[in-house]
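Notes for the one structure printed next.
The values are calculated or read from the model by the stated rules, or taken from the named source; none is laboratory data. Owing to the predicted nature of the structure, the values given are computational and were not obtained by experimental measurement. Please note: Cβ atoms are built from the backbone with ideal geometry, for glycine as well, and neighbour counts cover all protein chains shown. The protein model used for the area step is the full one, side chains on, heavy atoms only, and it has no ligands, DNA or RNA in it. Shrake-Rupley method; radii C 1.70, N 1.55, O 1.52, S 1.80 Å.
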Amino acid sequence: MAMQLPASPIRPLLTRMLREALNASHAGNVLHRAIHNNSDVLIIGPRSYDLRDYERVVVVGAGKAAAAMARAIEPLLGRRLDSGLVIVKYGHVVPTTRITVEEAGHPVPDRAGQAATQRLLALSSTLSASDLLIVLLSGGASSLMPAPVPGVTLADKQRVTRQLLLCGASIGEINTVRKHLSRVKGGRLAASTQATIVTLILSDVLGDDLSAIASGPTAPDPTTYGEAVDCLKRYRLWSSAPRSVRAHLEQGRRGLRAETPKPGAPLFRRIHHEIIGNNEVALTALLSTAGSAGLRTLLHPALNGEARVAGAYVGSLAKSILAKHEPVSKPCCLIAGGETTVTVKGRGRGGRAQEFAVAAAKAIAGLPDVWVAAIGTDGTDGPTDVAGALVSGETWNRAREIGIDLGAALKRNDTYTALKRLRCHILTGPTGTNVNDLYLLFVL
């Protein structure tokens with residue numbers, strides 16, 4: 001991985017920490033730690049699957065790390081693997097032998113994703129009760145597997161997805177709407193086949209809620225059409241949502257459309273899920289590496305909410321550490337995972353990690369030997385080509401000296417442009433994982 005970080009006294013340590021975290025949570029590595037093949041018996045967590053008992057073994061999946069997962073599972077299945085298809089974000093392909101890898105759009109679904117998902121559904125629907133379907137899921141799968149219900153077009157789904165992404169809705173709220181407009185999400189992939197299913201998950205959802213990860217294509221869905229309608233109304237999107245979307249959701253709310261499969265449905269008796277990796281794996285590696293470097297470490301509870309609010313809060317902790325030696329004394333590294341949101345009001349470029357970093361830069365302005373880093377573990381922060389940013393106590397004032405107004409950049413949601421001029425970006429390229437975001441505060 002060709003990682004690029006801003007010039008800084010903290011760069012060697014931060015580079016080492018990020019490499020360890022991304023390596024520990026890499027899809028291939030976590031899959032090999034979680035799954036073993038003992039003479040054609042696949043051991044996954046507490047369960048065993050004798051591959052000789054199945055007529056066909058097929059692999060499908062989606063997500064930014066799905067190709068890395070596919071590559072890792074191929075040698076474990078060997079000659080027992082019949083075929084497979086996974087869908088990844090553009091640029092996240094890795095070579096595979098038997099499993100086809102298709103590229104598609106993220107975070108807004110596109111026609112390539114729709115066509116690939118149709119092929120995936122066609123493949124799963126051919127399987128019988130004598131077959132084994134292995135489903136590989138990682139973050140991003142919700143957008144990469146668009147399969148609109150009849151009467152709703154891809155353009156309709158694209159429009160409502162954009163609206164939800166811009167309004168500041170949580171990923172759980174977004175997925176509630178998407179599940180009720182889909183033929184694959186909310187347990188409907190499971191309903192499309194008679195096969196035994198084992199779903200392997202690299203989780204990008206805090207708490208590892210199976211119904212939320214990738215919009216739960218093989219998991220029971222506790223949400224309802226009514227909640228989807230409420231979400232759009234709560235963010236004042238109902239009247240501007242496509243007419244077909246409103247009609248479908250309203251019909252569902254009135255009981256005129258079949259609900260998604262719910263907890264307790266008999267079909268889930270033949271389906272098992274295994275979380276093979278999550279944010280905790282990356283956080284553990286960060287804490288270990290920082291501790292080995294002689295820093296006091298503190299794991300902060302997961303961060304969520306508006307990115308700029310969370311960034312300002314973490315920046316304020318630096319002041320508390322310097323003045324009161326709380327919540328930890330220096331030299332230290334405070335570490336948190338999470339996934340914040342951005343309510344887009346401007347027309348600039350950026351992402352949640354970059355907004356977090358700029359807000360933190362204001363909070364730590366003028367503080368010596370203080371740095372804040374924020375990155376998306378998949379290597380892309382929002383619709384940009386960077387993973388995140390590193391700022392210091394000097395960043396805010398340095399920006400002012402060269403004519404960059406970081407406060408205005410935040411208001412315009414144009415943090416990418418400002419941080420690029422300041423050379424504060426962290427670049428990793430596709431990482432082969434996706435386990436939420438990482439936030440680090442150094443006080444030395």
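Being open to solvent by 50 Å² or more (accessible area, probe 1.4 Å), in contact with a Ser or Thr (Cβ under 9 Å, 6 or more places away or on another chain) and either over 30 Å from Ala357 (Cβ atoms) or not small (Gly, Ala, Ser) (or both) is the requirement here; does Arg33 meet it?
Numbers: open to solvent by 50 Å² or more (accessible area, probe 1.4 Å): yes; in contact with a Ser or Thr (Cβ under 9 Å, 6 or more places away or on another chain): no; either over 30 Å from Ala357 (Cβ atoms) or not small (Gly, Ala, Ser) (or both): yes.
No, not satisfied.
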- prompt: Any residue in the stretch 116-135 that is within 27 Å of Arg246 (Cβ to Cβ), touching a residue at least 60 places away in the same chain (Cβ under 8 Å) and under 22 Å from the mean Cα position of the chain (by Cα)?
  reply: yes
Within the stretch 318-334, of all residues that are exposed (fewer than 14 other Cβ atoms within 10 Å of the Cβ) and charged (D, E, K, R), the one farthest from Gly291 (Cα to Cα) is Lys324
Contact list, first residue from the stretch 386-405 and more than 17 Å from Ala374 (Cα to Cα) and assigned to a loop (DSSP other than H, G, I, E, B), second anywhere and open to solvent by less than 10 Å² (accessible area, probe 1.4 Å) and not hydroxyl-bearing (Ser, Thr, Tyr), beta-carbon distance below 7 Å, six or more apart or interchain, is Ile404/Ala418; Ile404/Leu422
How many residues of the stretch 1-42 are in contact with a Leu (Cβ under 7 Å, 6 or more places away or on another chain) and small (Gly, Ala, Ser)? The answer is 3
Restricting the stretch 144-159 to residues that are of a type in the set (Gly, Ala, Ser) and open to solvent by 10 Å² or more (accessible area, probe 1.4 Å), the one nearest to Ser203 (Cα to Cα) turns out to be Ala155
Counting only residues that are out of contact with any helix residue (DSSP H, G or I) (no Cβ under 7 Å at 6 or more places or on another chain) and either closer than 10 Å to Pro6 by Cβ or open to solvent by less than 20 Å² (accessible area, probe 1.4 Å) (or both), the stretch 406-426 contains a total of 3
Of the residues in the stretch 365-400 that are open to solvent by less than 30 Å² (accessible area, probe 1.4 Å) and of a type in the set (Asp, Glu), the one that is farthest from the chain's Cα centre (by Cα) is Asp381
Residue set Ala7, Ala70; condition assigned to a helix (DSSP H, G or I) and aliphatic (A, V, I, L, M); output residue Ala70
